Amino acid sequence: MAAPPRHLSLLRSFTPADVLTIGNASCGTIAIFLCLDYVAADNRRFLWIAFFLLPLALALDVLDGYVARLNTRRQSVMGGDLDSLSDVISFGVAPAVLGFTLGLRGGWDMLCLTYFVVCGVSRLARFNVTAEALADAETGKVKYFEGTPIPTSIVIVLMWAIAFALGRIDEALWLGAHQVGPAVLHPLSLVYGASGSAMISATLRVPKP
């Protein structure tokens, strides 16, 4: 008869790198909540905290990989999946919610934002299933990414932060609002579409640090 699971066995299985990865996911989740708070209360402080949390999520994402490489005696059995799921929240859903919060609310805008998130999810799934095939035979490390890594979406977040600081969150920044068929398009939302397409590109190879 199998022994009953130990109390809090999931928490005991976390490595220091996993804790950093959970921190990454937490930053992204709180940033989403702050966007909702901003919509409800129009308090600029909420967005400034969100702008701070997403770069912090990136720092934790970089740090968890570094810590995982240092801790060779204890390897995480969940590290890869935790990292991908956290990245979807912090660098996929959160930047998309930020764009919607700041005005990209037309029908075509939402389609571009959704496409961006779906591309991020697909890109991470592809990496997870192809990492072994892409790994170097001697070192076992993946030398390059196929498509741009999803954390590159932090560039979009920084774009929003700069525009927000300059008071440029308006139709001039969005390049206007255009009725295209049944829905409205702000051309700025195409930045998300371009970022998503770069993430799923099979021909674009980015060296992995």
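The values are calculated or read from the model by the stated rules, or taken from the named source; none is laboratory data. Just so you know, these numbers come straight off a predicted model, no measurement behind them. In this analysis, Cβ positions are derived from the backbone assuming ideal geometry, glycine residues included, and neighbour counts consider all displayed protein chains.
Of note:
Conditions tested, residue by residue: (1) crowded, with 20+ Cβ neighbours inside 10 Å; (2) within 23 Å of Pro55 (Cα to Cα); (3) modelled with pLDDT under 95; (4) among the charged types (D, E, K, R).
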{"position": "Trp108", "(1), (2), (3), (4)": "yes, no, no, no"}
{"position": "Val118", "(1), (2), (3), (4)": "no, yes, no, no"}
{"position": "Ser195", "(1), (2), (3), (4)": "yes, yes, no, no"}
{"position": "Ile200", "(1), (2), (3), (4)": "no, yes, yes, no"}
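- Matching residues, the stretch 36-48, being under 17 Å from Ala165 (Cβ atoms) and part of a helix (DSSP H, G or I): Tyr38, Arg44, Arg45, Phe46, Leu47, Trp48
- Matching option when the condition is of a type in the set (D, E, K, R) and at pLDDT 95 or above, among Arg12, Arg69, Arg45, Arg73: Arg45
- For the stretch 39-50, the criterion of being touching a Pro at 6+ places or on another chain (Cβ under 9 Å) and among the hydrophobic types (A, V, I, L, M, F, W, C) is met by no residue.
- Members of the stretch 172-194 found to be of a type outside the set (A, V, I, L, M, F, W, C) and farther than 13 Å from Gly99 by Cα, listed by number: Gly176, His178, Gln179, Gly181, Pro182
Residue by residue, here is whether (1) assigned to a helix (DSSP H, G or I); (2) of a type in the set (D, E, K, R); (3) more than 22 Å from Arg126 (Cα to Cα) holds:
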position: Ala50; (1), (2), (3): yes, no, yes
position: Leu53; (1), (2), (3): yes, no, yes
position: Leu60; (1), (2), (3): yes, no, yes
position: Arg69; (1), (2), (3): yes, yes, yes
position: Asp81; (1), (2), (3): yes, yes, no
position: Phe100; (1), (2), (3): yes, no, yes
position: Met110; (1), (2), (3): yes, no, yes
